[in-house]
Amino acid sequence: MNLRQLFLRHVAQTSEAPLAIDASHAEGIYIHTLSGQKLIDLISGIAVSSLGHSNPKIVNAVKEQAEKYMHLMVYGEYVEQPQVLLASKLASILPENLQSVYFTNSGAEATEGALKLAKRASGRSEILYFKNSYHGSTMGALSVMGDEYFKRNFRPLIPDCRMLLYNDFDALKSISTKTAAVIVEAVQGEAGVVKAAPGFLQSLEKHCKAAGALLILDEIQTGMGRTGSMFRFETEKISPDILLLAKAFGGGMPLGAFVSSKHLMQKLQHDPFLGHITSFGGHPVSCAAALASLEFLLENHLVEQVEKKGQVFEDLLQDAKIKKINRVGLMMALEFSSFEENKKIIDQCLKNGLISDWFLFNNSSMRIAPPLVISTEEIHLSCEIILKSIHEVV
Ligand SMILES: Cc1ncc(COP(=O)(O)O)c(C=O)c1O
């Protein structure tokens with residue numbers, strides 16, 4: 001049996017048609033396959049490998065940490081240097097009310113931790129979320145997912161979770177003293193890069209404050225510079241009570257975090273003690289990679305270049321066959337007339353050497369989320385392939 005057959009037989013898939021790209025190695029924006037193809041990775045494993053594949057600074061940090069120690073103890077018990085340095089560095093670029101970092105394994109676990117913290121701290125049970133939101137695939141995160149198709153066969157989910165319409169200012173009036181928290185994406189990724197309407201997140205913050213409800217801001221996809229500011233809340237001028245990070249945060253290693261004030265986070269220390277437990281969250285090798293990644297991002301002033309690079313994409317992709325471009329920084333959705341058309345174009349892009357994707361809740365749009373290190377030349381090359389592919393199949 002060849003590798004592909006073994007993959008299909010023994011590696012569980014939840015998609016009937018996996019891409020099955022057989023990677024041999026990856027570098028910068030490229031993934032090389034065992035059969036000798038060189039593919040442009042225009043989605044970064046869904047906004048994860050933001051600093052390019054095999055970024056030497058991150059690889060070195062991983063090697064150095066692995067040689068010192070890997071796993072020692074469940075999270076939060078030992079003083080592990082990579083965790084301390086990363087949490088401190090992160091805190092140095094976050095506001096005063098976000099100085100306590102709980103490291104998790106993934107984005108979904110960050111969501112779970114935040115929901116638990118909100119319930120524990122408020123003594124309330126109601127969680128509000130938005131239509132077309134995505135916060136992960138575990139039971140808690142699924143309970144606040146804004147799409148019924150993905151939820152219905154897993155019910156019953158967590159009670160007291162209620163959906164509001166994104167960008168509906170009136171709906172915010174239903175935030176009340178029963179509400180433990182409202183969870184929201186800074187930009188709705190899986191909806192097809194849908195921005196918050198001007199003032200919507202500020203209004204949400206105001207309503208939360210008035211009702212004593214916590215604002216959980218999911219920056220798992222938007223964080224670490226993807227939208228052109230380090231965190232989207234800076235641009236939106238809001239101050240969440242709990243911030244969620246994952247994806248690019250780990251520099252390509254599995255890592256997430258929920259971040260809050262020390263005062264709030266301490267609620268997880270009693271009644272019950274050990275209010276959230278994880279064996280692998282904050283793995284020293286992941287934290288070393290994340291620290292190197294954050295340093296690389298800052299040292300190379302990459303965030304400042306994101307908007308300009310995004311604009312180059314947008315300018316080059318002006319084409320009558322693309323119905324609409326939704327873009328925030330280097331987070332982009334190209335809308336076509338149907339799923340069928342979109343799929344044909346995505347498949348053709350792959351044949352022509354470029355990896356893209358569609359969105360969970362918007363399958364007529366093509367996803368573009370390249371590594372932030374992509375060069376202008378590489379953007380030109382990518383857009384040429386996309387336009388060529390469109391004109392070959394539409
Ligand atoms: C906005 C958002 N939140 C949460 C998650 C879940 O993260 P993970 O896949 O690490 O569980 C994702 C993943 O796509 C995401 O885009």
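Which ones in region 46-98 are away from the ligand (no atom under 16 Å from the Cβ), of a type in the set (A, V, I, L, M) and part of a helix (DSSP H, G or I)?
Hits for region 46-98 are ILE58, VAL59, ALA61, VAL62, ALA66, VAL84, LEU85, LEU86, ALA87, LEU90, ALA91.
Sort through LYS173, LYS209, LYS195, LYS178 and tell me the only one that's surrounded by fewer than 24 Cβ atoms within 10 Å (Cβ to Cβ) and within 16 Å of the ligand (Cβ to nearest atom). Reasoning before the result, please.
Values: LYS173 fails: within 16 Å of the ligand (Cβ to nearest atom); LYS209 fails: within 16 Å of the ligand (Cβ to nearest atom); LYS178 fails: within 16 Å of the ligand (Cβ to nearest atom).
The match here is LYS195.
Given the conditions (1) surrounded by fewer than 16 Cβ atoms within 10 Å (Cβ to Cβ); (2) within 15 Å of TYR30 (Cα to Cα), and given that GLN318 satisfies all but one, which numbered condition is not satisfied?
Only one criterion in (1) surrounded by fewer than 16 Cβ atoms within 10 Å (Cβ to Cβ); (2) within 15 Å of TYR30 (Cα to Cα) is unmet by GLN318, namely (2).
To keep it simple, each residue is scored yes or no on (1) small (Gly, Ala, Ser); (2) exposed (fewer than 12 other Cβ atoms within 10 Å of the Cβ).
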position: PHE7; (1), (2): no, no
position: VAL11; (1), (2): no, yes
position: SER15; (1), (2): yes, yes
position: HIS25; (1), (2): no, yes
position: ILE29; (1), (2): no, no
position: ILE43; (1), (2): no, no
position: SER50; (1), (2): yes, no
position: SER54; (1), (2): yes, no
position: MET70; (1), (2): no, yes
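What pairs come out if I take residues in region 179-197 that are under 14 Å from VAL328 (Cβ atoms) and pair them with residues that are polar (S, T, N, Q) and not in a strand (DSSP E or B) whose C-beta lies under 6 Å away, six or more apart or interchain?
Taking only residues 6 or more apart or on different chains, the pairs are GLU185/SER133; ALA186/THR222; VAL187/THR222; GLN188/ASN132; GLY189/GLN221; ALA191/ASN132; ALA197/ASN167.
Yes or no: region 251-262 includes at least one residue that is open to solvent by 20 Å² or more (accessible area, probe 1.4 Å) and either in a helix (DSSP H, G or I) or not assigned by TED's automatic domain parsing to the domain that holds GLU219 (or both).
yes
When you check GLU77 against the structure, is it open to solvent by less than 20 Å² (accessible area, probe 1.4 Å) and not assigned by TED's automatic domain parsing to the domain that holds ILE368, yes or no?
It is false that GLU77 is open to solvent by less than 20 Å² (accessible area, probe 1.4 Å) and not assigned by TED's automatic domain parsing to the domain that holds ILE368.
Give the number of residues within region 229-250 that are over 16 Å from GLY136 (Cβ atoms) and either away from the ligand (no atom under 14 Å from the Cβ) or in a strand (DSSP E or B) (or both).
Initial filter on region 229-250 (over 16 Å from GLY136 (Cβ atoms)): 229-241.
So of that shortlist, the ones also either away from the ligand (no atom under 14 Å from the Cβ) or in a strand (DSSP E or B) (or both) come out as 229-230, 234-239, 241.
Number of matching residues: 9.
Scan (1) farther than 25 Å from ARG327 by Cβ; (2) within 16 Å of the ligand (Cβ to nearest atom); (3) in contact with a helix residue (DSSP H, G or I) (Cβ under 7 Å, 6 or more places away or on another chain); (4) among the polar types (S, T, N, Q) for the single condition GLN221 breaks and write down its number.
(1)
The values are calculated or read from the model by the stated rules, or taken from the named source; none is laboratory data. The structure presented is a predicted model; accordingly, all values stated were derived computationally and were not measured. Cβ: placed from backbone, ideal geometry, glycine included. Neighbour counts: every protein chain shown. Each accessible area value is taken on the protein alone, full model and side chains, heavy atoms only, with ligands, DNA and RNA left out. Shrake-Rupley method; radii C 1.70, N 1.55, O 1.52, S 1.80 Å.
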